[in-house]
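Every number in this text was worked out from the coordinates using simple rules, so none of it is lab data. These numbers come from a predicted model, not from an experiment. Here Cβ is always computed from backbone atoms with ideal geometry, including for glycine, and neighbour counts include all displayed protein chains.
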Amino acid sequence: MKRLFLITTALTSLMAGAVHAQSDSSILRSLPAEVQKDIEETRTSCRSTDNEINSGDSGLIQFLLRSRKAVLVDNIELCGGCYHGYNCTNRGTRFVRVYALFGHAWRMVLSNDNITGDIFVSNVPGRYRPEGQQLNALVVNLFIGNEECPTRRAGSMSEQSWEARSCVV
């Protein structure tokens with residue numbers, strides 16, 4: 001009887017672990033192969049800094065975009081921080097992409113490499129839904145010269161970080 005209980009407990013633990021592992025990387029594995037490769041290359045680059053780096057879906061920000069499943073891929077979130085020259089520039093800008101699921105295919109709907117500082121993801125107020133929260137806005141700071149959100153000209157490029165402005169994308 002004890003043996004049957006131990007086997008049942010072990011199988012239950014293994015199944016729970018398998019379900020947990022499957023859900024941990026389901027978004028990553030569903031993204032196009034090229035996107036998965038870019039994510040892994042970014043994480044590999046960051047691992048050379050001898051820091052603990054995220055894996056699986058960790059660092060991928062999920063939400064709904066007009067009721068479509070969407071994911072924000074941010075190189076800084078992928079590595080758990082900015083490592084100049086590895087996943088962000090020496091001026092602190094980050095490369096951010098947003099992919100939305102159209103039918104069975106992911107499509108890039110936003111790509112920007114001029115984002116500085118933190119990204120604020122605003123969700124539409126309401127109750128939590130397991131498939132994700134509806135996106136209200138992405139609020140970001142953009143570096144100089146970005147046509148999508150104009151900034152004032154600074155005296156020099158080194159002064160520009162003070163001139164970055166919040167922009168709702």
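In the neighborhood of residue 33, defined by Cβ-to-Cβ distances under 14 Å, what is the net charge if each Lys or Arg adds +1 and each Asp or Glu adds -1? Display every interim value, and only then the final one.
On the way: positive: 29, 37; negative: 34, 38, 40, 41.
In short, -2.
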**OP:** Would you grab the residues whose amide H sits under 5 Å from the one on residue 110? Only those 5+ places off in sequence or on another chain, please, with H modelled 1.01 Å from N.
**Re:** 98
Original post:
By the scheme Lys and Arg +1, Asp and Glu -1, what is the net charge of all other residues having a beta-carbon under 11 Å from that of residue 47?
Top reply: -3
Subject >> Inter-probe distance in nm under a simple model that places probes 7 Å from Cα toward Cβ, at residue 127 and residue 90 >> reply: 5.4 nm
**OP:** Within region 20-84, list the trypsin sites (Lys or Arg not before Pro) lying in a DSSP loop whose Cβ has at most 14 other Cβ atoms in a 10 Å radius.
**Re:** 66
Original post:
Using the Cβ atoms and a cut-off under 14 Å, what net charge is assigned to the surroundings of residue 66, where Lys and Arg are +1 and Asp and Glu are -1?
Top reply: +2
Original post:
Just in region 56-147: which chymotrypsin sites (Phe, Trp or Tyr not before Pro) are loop by DSSP and have at most 15 other Cβ atoms within 10 Å?
Top reply: 128
Subject >> residue 51/residue 29 FRET efficiency (R0 22 Å; Cβ-Cβ; nearest 0.05) >> reply: 0.35
